[in-house]
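To start, the structure under review is shown below, and the notes come after it.
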């Protein structure tokens, strides 16, 4: 209520603080371990205006508790986000530029990581099958894996098989340089492990052209959709076909004009990745993929 009188309820809040130590050994003589900590605060709130009720959330997570957002700050952000969704409208079917906030962009790029995993490659179940050396993204886009970032949420000295992790450039000037491999998937493909049994370690998405601040990003979007939430599992990992429920905000002439909901966005991941035209400077480090907002030149919106 201190944020806005339209905050009428809460779906709950949580606080977590943990520390763990893991030791791994194998029959090849490897034996090592390390300790890690994780701290988080989250909150989900409900806003209401008449019969219109909207929910939203916020969270903070870090290795170091002194780097967390304040509890009051998390609640305030959750409240502001919930209130901003009141009065949401539907859109008619159209093709427009579509932008993804950093947390949504992370999910979009997670499909890329899955497609270049060794398992997807040797099973031939990837829309990026045998794509190493191909131009997947625009030439300005770079992706570096940095497993040893201090306090990184996905940092690790070795993977789940004991293979050492190391820095590498996964995408250079938009070109895929290799795959994400465990020792087993590497053997199946006749390659060498990349130290990725268990997943990616701090994938950093960057741009060779200047990343845009919030105002500049919306100006570049001009008129289109800003996606802040995605729903459903309508992604085909074999073909790359992409169709998911979405909500967010309609933007005109670089300014947010109203919230939208009950729409579907659709495309194909291959063309979606090629159609990235800008990155925001709002990089989100709360996960294994670190990216700012991502702007695509065009997607199909299915609505009324």
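The values are calculated or read from the model by the stated rules, or taken from the named source; none is laboratory data. Everything numeric here is computed off the predicted structure, so don't read it as measured data. FYI the Cβ positions are ideal-geometry reconstructions off the backbone, even for glycines, and counts take in every protein chain you see.
What's the number of the condition residue 218 fails, among (1) at pLDDT 95 or above; (2) surrounded by fewer than 17 Cβ atoms within 10 Å (Cβ to Cβ); (3) under 17 Å from residue 280 (Cα atoms)? Against the list (1) at pLDDT 95 or above; (2) surrounded by fewer than 17 Cβ atoms within 10 Å (Cβ to Cβ); (3) under 17 Å from residue 280 (Cα atoms), residue 218 comes up short only on (2).
Of the strands (runs of 3 or more DSSP E) lying entirely inside region 85-195, the ones with 3 or more residues being touching a residue at least 24 places away in the same chain (Cβ under 8 Å) and assigned by TED's automatic domain parsing to the domain that holds residue 297 are found at 94-100.
The set of residues in region 245-260 being surrounded by fewer than 17 Cβ atoms within 10 Å (Cβ to Cβ) and assigned to a strand (DSSP E or B) consists of 245, 252, 255, 256, 257, 258.
Of everything in region 28-54 that is assigned to a loop (DSSP other than H, G, I, E, B) and without any contact (Cβ under 8 Å) to a residue 40 or more places away in the chain, the residue that is surrounded by the fewest Cβ atoms within 10 Å (Cβ to Cβ) is 51.
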